[in-house]
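Everything on this sheet refers to the single structure shown next.
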Amino acid sequence: MEKKERKVSVSTAALIGVIVLIILMAFVTNAESVQQSFWSLIPPIIAIALALITKEVYSSLFVGIATGALLYSGFNFEGTINHIFSDGIIAVLSDSYNVGILVFLVILGVVVQLMNRTGGSAAFGEWASNRIKTREGAQLTTIALGCLIFIDDYFNCLTVGSVMRPVTDKHNVSRAKLAYLIDATAAPVCIIAPISSWAAAVSGFVEGENGISLFIKAIPYNYYALFTIAMMILLVMMHVDYGPMYKHEYNAVHNNDLYTTPDRPYANAEEEKISSKGKVIDMVFPIIALVIGCVIGMIYSGGFFSGESFIDAFSNSDASVGLVLGSFCALILTIIFILIRRTLTFNEIMESLPEGFKQMVPAILILTFAWTLKAMTDSLGAKEFVAYIVSERAAGLVGFLPFIIFLIAVGLSFATGTSWGTFGILIPIVVACFQNTDYQLMIISMSACMAGSVCGDHCSPISDTTIMSSAGAQCNHLNHVSTQLPYALTCAAVSAVTYVIAGLTKNVWMSLLLGLMLLILVIYILSVKTKKVTDGADTQKI
């Protein structure tokens, strides 16, 4: 009872603080003065701070949206309401790309629901449990699967979650840890995969150069992505957990509590009736159909069947269209497969459609608010403000520019919740600055931009990838954010130091080796200073 009252009081104090801040802003700003200034970053800062303090994401996002609308309209009531709905929520839900992503989410939710209803997920869990004997094995398998599904981060998050959740649950891996492993193998893997929707997006922002070629050359310098993968493996093998994650893992191992907090998303889904005819193939077939379908859908949207090469088709692909087409074909094939195997009746399949939609409602709601918040920052000129800072204020520090660009990309991506939006702002600036002066530094700075964007996206509670990682793991969203943040910041700090070395030496292997050695040292120090969580009663103490 005391904890509940304390939580309410903290939330109330935070909201009062925001209201006071907004009132002060009304006196010191006007609609013109906030444009392309630091004020443009205030709405996402408020939303993120509130979410972390109150542990409630929906109201926090809406307060951030309302703040942005107030600043844009000059605190005019009618203008604020119009900006929130007409220019915000309605506009983002009218965007064809966003609608495609939402449709993709719904279809994936239905496919996952069908896999569960047929008993495929349960059968895979039983099959895997006979082969994966340890918590380390369950986590390493999750990492391996996440690295294999590199085509798209959205697809990665939900697929890896649905496949590995039964296995990690059986070995008492907390949902927060599962969400971290999913998130850390989504964007960080896609950003170093030449054949992915991310490679296509990055290459599209490069003008006057071969985008795919630059992307490939930047991979060895993409320290945050590379170090994140290395860090996951080190954490699992060395049994290291720290920060809020330690509590979640301790509860999972010793108290058989996978959630820790009272909020247990989808916990009742496990009580759902499933078919007794389910086999591993009932889960494997939909996954394979999804992978093949999404690859074909991506290259189709890029013009592969109209004569474009495979690489060019991926470069020109529309992830929204490709993923929808591919996942829809996979859904149809899955339904036909289920009917042939007679694991579910046609009526049971139809009953699964709205159930799958319901599972995606929290993610859809958060995504809608996150997109709307981004629309608010765009209307306030956040892009132009950051572009000015990079091109004008940081140009004199040439050797430290990769480090500076990395930090700016982290901040912008964290505040706006979008990696791709950050790419769109910074990559053209980087290419224009170094295209005809220092080609090697252009590659390093471009990789710093990509790495920083992924890092900020990884940390941000309003990032769509972070949101879908929570959905894929069926984990409370803010639990995922709070437990992942110390891990992401640790990797970010090591990456930042490595970018200083890279900017000064311009030697890819020296900087990569020194950065990796620093990461191993940091993890070792953490392993000494924190308690280790291992299997069952064998928990070691220091």
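What full-extension length gain, to one decimal in nm, is calculated for Leu365 and Arg131 as 0.36 nm per residue of separation minus the Cα-Cα distance? Walk me through the intermediate numbers first.
On the way: separation 234, 0.36 × 234 = 84.24 nm, distance 3.80 nm.
Full-extension gain reported as 80.4 nm.
Quick check on packing: order 503-511, 137-145 by the mean number of other C-beta atoms within 10 Å, highest mean leading. Intermediate values should be presented prior to the final figure.
Numbers: 503-511: 15.7, 137-145: 20.2.
Top to bottom by mean Cβ count within 10 Å: 137-145, 503-511.
What figure, in Å² to the nearest 10, do you get for the accessible area of Glu308 with a 1.4 Å probe and non-protein molecules left out?
Approximately 80 Å² of Glu308 is accessible to the 1.4 Å probe.
Which sequence of Tyr242, Tyr72, Tyr300 reflects their accessible areas, 1.4 Å probe, from the largest down? Could the numbers behind the result be given before it?
Values: Tyr242 20, Tyr72 90, Tyr300 130 Å².
So, going from the largest accessible area down, we get Tyr300, Tyr72, Tyr242.
Please give the contour-minus-distance gain from Ile281 to Asp438: 0.36 nm per residue of separation, less the Cα-Cα distance, rounded to one decimal in nm.
51.2 nm
So if R0 is 56 Å, what FRET efficiency would Ser213 and Met350 give, r being the distance between their Cβ atoms, rounded to the nearest 0.05?
Here the calculated transfer efficiency is 0.70.
Compute the distribution of all C-alpha to C-alpha distances in region 291-383, in bins of 5 Å from 0, and list the percent of pairs in each, rounded to whole numbers.
For region 291-383, the binned pair fractions read 3, 12, 12, 13, 14, 15, 14, 10, 4, 2, 1, 0 percent.
The values are calculated or read from the model by the stated rules, or taken from the named source; none is laboratory data. Note that the structure is a prediction, hence the values are computed from the model and not measured. Note that we place each Cβ from the backbone using ideal geometry, even for glycine, and neighbour counts take in every protein chain shown. Note: areas computed on protein heavy atoms with side chains; ligands, DNA, RNA excluded. Shrake-Rupley method; radii C 1.70, N 1.55, O 1.52, S 1.80 Å.
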